[in-house]
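K.L.:
Here it is: the structure, laid out below.
The values are calculated or read from the model by the stated rules, or taken from the named source; none is laboratory data. As the structure is a computational prediction, the values presented were derived from the model and not from experiment. Virtual Cβ from ideal backbone geometry, glycine too; neighbours counted across all protein chains shown.
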Amino acid sequence: MLARHVGRIALGYAPDVTFAEDVPLRRQCLAKIDELKSKPALVALARRGIGYDPEAKRAFHREARSALRVAARHLGLEPNQYDLRGNFAGPAVSGEITLHSDEIYVQVSIPCIRPGREVMFRRCKGRQDYLGDRNHFCDIAVLAAPQSFRALVVRETGLSINPRQQALV
């Protein structure tokens with residue numbers, strides 16, 4: 001579409017002129033844009049990587065914070081029951097975004113090696129416990145599916161979710 005548009009402008013057509021033969025391609029482009037909008041940007045950013053791109057890094061941190069808030073809700077946590085913090089780190093790395101509650105510690109980052117381990121989670125004993133129990137890892141796409149993430153966390157860590165809170169999510 002862009003190449004056609006630029007070519008027509010070079011031929012002297014006005015920029016706002018539309019052509020009937022472009023309609024099917026325009027529909028395909030709009031459908032692809034809608035498909036991209038329906039998928040979480042977090043997964044795409046993690047797959048593509050964000051090294052040395054400050055705007056992508058800001059978007060990654062924003063999307064990860066949002067995904068962690070949703071995950072917290074699915075884990076039965078109220079906003080006052082966890083801390084959410086970020087570390088932008090240096091320009092070549094993603095930095096980390098961390099959710100830390102009294103019982104669970106979840107950290108999101110894009111590792112330099114071994115893709116599919118963007119989310120680390122473990123049990124902990126309070127918000128001052130930065131070591132916690134054994135680390136568990138999962139793909140960022142699991143975090144983007146909060147019910148799947150909740151099931152994985154419960155299975156791997158033994159975290160119990162209050163049945164009343166579980167019914168609310």
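K.L.:
(1) at pLDDT below 95; (2) more than 14 Å from residue 142 (Cα to Cα); (3) within 11 Å of the chain's Cα centre (by Cα); (4) not small (Gly, Ala, Ser): which one isn't true of residue 62, the others all being true?
P.N.:
(1)
K.L.:
Out of all the residues in the stretch 131-149, which are in contact with a Phe, Trp or Tyr (Cβ under 8 Å, 6 or more places away or on another chain) and in a helix (DSSP H, G or I)?
P.N.:
Selection gives 142, 143.
K.L.:
Moving on. Can you tell me which residues in the stretch 95-104 are in contact with a Cys (Cβ under 9 Å, 6 or more places away or on another chain) and either surrounded by 15 or more Cβ atoms within 10 Å (Cβ to Cβ) or not charged (D, E, K, R) (or both)?
P.N.:
To start, the set of residues in the stretch 95-104 that are in contact with a Cys (Cβ under 9 Å, 6 or more places away or on another chain) comprises 100-104.
Hits for the stretch 95-104 are 100, 101, 103, 104.
K.L.:
Quick test for you: out of 113, 97, pick the one residue that is within 21 Å of residue 44 (Cα to Cα) and modelled with pLDDT of 95 or more.
P.N.:
On the way: 113 fails: modelled with pLDDT of 95 or more.
One residue alone meets the criteria, 97.
K.L.:
Specify the residue that is farthest from residue 86 (Cα to Cα); the eligible residues are those in the stretch 37-60 that are exposed (fewer than 10 other Cβ atoms within 10 Å of the Cβ) and not polar (S, T, N, Q). Spell out how you get there, then give the answer.
P.N.:
Of the stretch 37-60, the ones exposed (fewer than 10 other Cβ atoms within 10 Å of the Cβ) are 37-38, 55.
Those still in the list that are not polar (S, T, N, Q) too: 37, 55.
Details: 37: 25, 55: 16 Å.
If we take residues in the stretch 37-60 being exposed (fewer than 10 other Cβ atoms within 10 Å of the Cβ) and not polar (S, T, N, Q), then 37 is farthest from residue 86 (Cα to Cα).
K.L.:
Residues in the stretch 68-84: is at least one more than 23 Å from residue 162 (Cα to Cα) and out of contact with any His (no Cβ under 8 Å at 6 or more places or on another chain)? So that I can check it myself, show each step before the final result.
P.N.:
Taking the stretch 68-84 first, the residues more than 23 Å from residue 162 (Cα to Cα) are none.
No.
K.L.:
Please identify the pairs in which a residue from the stretch 108-127 that is free of Cβ contacts under 8 Å to residues at least 24 places away in the same chain has its Cβ atom under 8 Å from the Cβ atom of a residue that is assigned to a loop (DSSP other than H, G, I, E, B) and aliphatic (A, V, I, L, M), counting only partners at least 6 apart or on another chain.
P.N.:
109/93; 112/93
K.L.:
What's the total number of residues in the stretch 38-76 that are in contact with a Pro (Cβ under 9 Å, 6 or more places away or on another chain), among the β-branched types (Val, Ile, Thr) and outside any helix (DSSP H, G or I)?
P.N.:
Residues meeting the conditions: 0.
K.L.:
Filtering the stretch 105-143 down to residues that are among the hydrophobic types (A, V, I, L, M, F, W, C) and more than 19 Å from the chain's Cα centre (by Cα), which residue is surrounded by the fewest Cβ atoms within 10 Å (Cβ to Cβ)? Walk me through it before giving the result.
P.N.:
If we filter the stretch 105-143 for residues that are among the hydrophobic types (A, V, I, L, M, F, W, C), which is where we start, we get 106, 108, 110, 112-113, 119-121, 124, 131, 137-138, 140-143.
Pick out the ones that are also more than 19 Å from the chain's Cα centre (by Cα) and you get 124, 131.
Numbers: 124: 20, 131: 9.
Here the residue is 131.
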